[in-house]
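The next block holds one structure in the form of structure tokens; read it before the comments.
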Amino acid sequence: MPRSRASSTGREVRVLEELDVKNFALIDSAHVDFGKGFTVLSGETGAGKSILIGSLAFLLGGRASAEQIRTGSREAQVSGTFLLGKDSREALEWLSAHDIEAEDSRVIIRRTIKEGGKSSAWIGPAPVTRADLSSFASTLVDMHGQHEQQSLMKVSEHRRYLDIYAGIVDEVASFTSVYNVLVGKRRLLSSFNTDEKGRQERLEMLTFAIGEIDAAKLSDGEEEELEAEESRLSSYEKLCSDIGEAVHQLDGGDEGVGGVIPCMRRLNSAFERAVESDPELSPISERLQNAFYELEDISSEIQKYEHGLVYDPDRLAEVQERLELIYKLKKKYVSQNASVADLLAWADNAMDEAARLGGAGEDKSALEAEIAELEKKVYLAAKAISGKRAEASARMSSAIMGVLAKLGMRNAVFKVSMKVKPGDAIEQRCGPYGMDDIEFLISANPGSPLLPLERVASGGEISRVMLAMKTILSAADTAGTLIFDEIDTGIGGEVAVSLGEHMKKLSVNKQVLCITHLASIAVFADNQIKIAKDVAGDSTSTDVFPVGGQDRVKEIARMLSGDSDSQQSLEHAAAMLQKFGGM
């Protein structure tokens, strides 16, 4: 199908610029340019709207299966271009940590799946694992659907979102630094308090290990070099045979005939004579001469290598003995699959621990006094943070319920649950982020108990809760593109209008993509992309293309009444687009 382009009227925020899909499910070939702001994807039931989102989910690290390949094809490919703006700090840091550079502030993600079920992925020019792909993609796109794992569904993230809402991120970071110092002091005191016999045994073991590793005089990369040398020495006879055969093929053996070089020499002579008859053959003759000289040089290098080949069983034994020593040390102190670098790092840590154990005679009482002062400081800071969280949790709960009420969940109850960590001692009640356990709870229907978000059953409810949270906490999410699937399940009328308004508002600072079948949501969008099914003979495919102008009026009319040609539907659609800013 021809390349399709969605319009780009609207806001400055855009992360996903282009999506190319080839042989994925029912999509033969599609190219979509995604615009800024709010984009809706529409189409009749069964047209393949979810297939397009499925291809994007696949690109971002979702499941890979040979069933995703279009019938009759051997490979499916999906690629996307992402614009990294000034707000893409986390994505840029990820790329920097993995030595991948963005080009012109853009990065291309590409993924394939072959008929055997094997998938491959690239970020820019670099091949990556699925785990790395998913990790990087999470900094760009947050996808919300009935079966997706949303970032806000993770309890471990709830504390961070509350802290951002409360404006205490820096304060909590300072607390964490002090807490980590306290943990280190406690660990040191614990080593001082270790049973003297056990301490001495541990110190002797560490001292012996450090001496044994130091005596081996290991160097990073040594093992790889030794393995290469062992392979060369162990394969001496085969290597000699192969090199000898190469020399024979090049030089033709003792007779000096039949080899590549004698043949090239005769060929050169023939062409030199031919040039005398036809000078136009001179360029070819020069190329043949260059090839001849290059082959002579190669032959000389190979013969030099052949003359230097020496079978040294004593050196082979030395290499194998050295490799065996390295293997034993790794297995003894780290693991047999560890590297020499891992072993050396273990030795460095052992030296630090030995130094601590050897200094057990330091002033223990001074350390205990320092710990007591730090514990007091940590406890008071944790109490202050807890108070600010308690105040913010009430405001946050009320704000989210206010949004949910406008989204058709008037009876929903949302609560930021705060519980003080159990225990009496400070080390039990405080963790690296304070003394509070935070979790978001919700009751979606009257009479239903408050439950963790992950136990909300309806996909539509989940999406609306996510939309409410994104509206309140949009600054907390580093992902620049938000995708909502099945967000309009079970709603209509004024609720759908309100939902469309909220997504429009959210798209001021985010790029928002939404699959919808409701015209009252679609009319708010800056861009509209239609997905349609095309049946030709025995072949079925999904087409993806933007709609604008009168074509968009017709699509909105179809969404309103199922009839894109009636004058009444067209007038109603045009009026809605005019009223809600979609035109």
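The values are calculated or read from the model by the stated rules, or taken from the named source; none is laboratory data. This is a predicted model, so every value here is computed, not measured. Note: ideal-geometry Cβ built from the backbone for every residue, glycine included; neighbour counts use all protein chains shown. The protein model used for the area step is the full one, side chains on, heavy atoms only, and it has no ligands, DNA or RNA in it. Shrake-Rupley method; radii C 1.70, N 1.55, O 1.52, S 1.80 Å.
For region 110-116, putting each phi into the Karplus relation 6.51 cos²θ - 1.76 cosθ + 1.60 with θ = phi - 60° gives couplings of 9, 9, 10, 9, 9, 4, x Hz, in residue order, rounded to whole numbers and with x for Gly and Pro.
Straight-line reach only, C-alpha to C-alpha below 12 angstrom: list the aspartates and glutamates that K118 could link to, leaving out same-chain residues fewer than 8 apart. Within the straight-line cut-off, K118 pairs with E67, E75.
Restricting region 33-104 to trypsin sites (Lys or Arg not before Pro) that sit in a DSSP loop and have at most 12 other Cβ atoms within 10 Å of their own Cβ leaves R63, R74, K86.
H307 contributes about 140 Å² of solvent-accessible surface, heavy atoms of the protein only, 1.4 Å probe.
With protein chains left intact and a 1.4 Å probe, residues in region 181-336 average 66 Å² of accessible area per residue. Here the accessible area of region 276-328 is 50 percent carbon and sulfur, with a 1.4 angstrom probe and all protein chains present. Of all lysines in the structure, the ones whose alpha carbon falls short of 24 Å from that of K364, not counting any fewer than 8 places away in one chain, are K185, K197, K376, K377. Ranking D565, D538 by solvent-accessible area of protein heavy atoms (1.4 Å probe, all protein chains present), from largest to smallest, gives D538, D565.
For region 313-384, the list of GluC sites (Glu not before Pro) that fall in a loop by DSSP and count at most 15 other C-beta atoms within 10 angstrom reads E362. Amide H contacts under 5 Å for T516: L41, restricted to partners 5 or more places along the chain or on a different chain, H placed in the peptide plane at 1.01 Å from N. Summary value for the chain: 22 percent relative contact order, contacts being C-alpha pairs under 8 angstrom separated by 6+ residues. Protein heavy-atom surface of region 112-242, 1.4 angstrom probe: 50% of the accessible area is carbon and sulfur, with nucleic acids and ligands not counted. Legend: helices of the chain (whole DSSP H runs) are marked when their alpha-carbon atoms reach 15 angstrom or more along the helix axis and their mean Kyte-Doolittle hydropathy is at least 1.0; marked are 49-59. Among the GluC sites (Glu not before Pro) within region 187-282, those in coil by DSSP and having at most 15 neighbouring Cβ atoms inside 10 Å are E255. Ligands, DNA and RNA left out, the 1.4 Å accessible surface of region 499-560 is 46% carbon and sulfur atoms.
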